[in-house]
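See below for the structure under consideration.
The values are calculated or read from the model by the stated rules, or taken from the named source; none is laboratory data. Just so it is clear, the structure is predicted and the values come from calculations on it, not from any experiment. FYI the Cβ positions are ideal-geometry reconstructions off the backbone, even for glycines, and counts take in every protein chain you see.
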Amino acid sequence: MPATRLVETSRRIGFRAAAVSALLLGSLAAGLASDNRFPVDQELLLDAAPMRPGKRMPSLTVAADGNAIIDLWCKSVSGRVELADTAIRIEAGALPDTLPRWMSAGQCTPARMRADEEVLAALTQVTAWRRQGPVLVLLGPTTLKFRPGDN
C-alpha cells in the first residue's frame, strides 16, 4: 500500500474514532445532566435512623404540578413546592390534631411527635436543593437528605 494511501486511511480511522468518542461523551454528559433534575413523582425517604416503635420513615413526594405529600414519623400533611433552578421553597399544611386511623397511639410516642414538628420545620426552612447521585439534598439551616424509595 502506498504511503499516501496509508496516511489517508490512518486519518479516516482517527476521524472516526474521534467522532465515536464525541458521541459517547455527549451521551454521557446528557445522562449526567438528566440526573440533576428535581425528582418529581417519586417517593423520597428521609435518610435517617428509624425511630422505634414502628417502621414508618418520613417521606416527601412532589408531583409535577408542585403539590406535595409530606409523610412524617406519625402524621402526614399536604404541601406545595416551588422550584426555580436550584432554589426551592416548601409550604406545608399544619400538622393534624389526630393520628391516621391505621396508626395506633402506642406507635406515636411524644418523641416521634416532636420529631414530626422538627422535620416539618426543617422542610419549610430549606432554600436550595442539589443532587448527589440518587440522593436529593435539601439545604437550609438543617441539611436534609432524601433517598428514592425502593418500591
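Within the stretch 46-55, one or more residues are small (Gly, Ala, Ser) and at pLDDT 85 or above.
The set of residues in the stretch 61-79 that are polar (S, T, N, Q) and within 26 Å of residue 107 (Cα to Cα) comprises 61, 76, 78.
Here is a yes/no grid of residues against (1) within 14 Å of residue 136 (Cα to Cα); (2) touching a Ser or Thr at 6+ places or on another chain (Cβ under 8 Å):
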| residue | (1), (2) |
| --- | --- |
| 73 | no, no |
| 78 | no, no |
| 87 | yes, yes |
| 90 | no, yes |
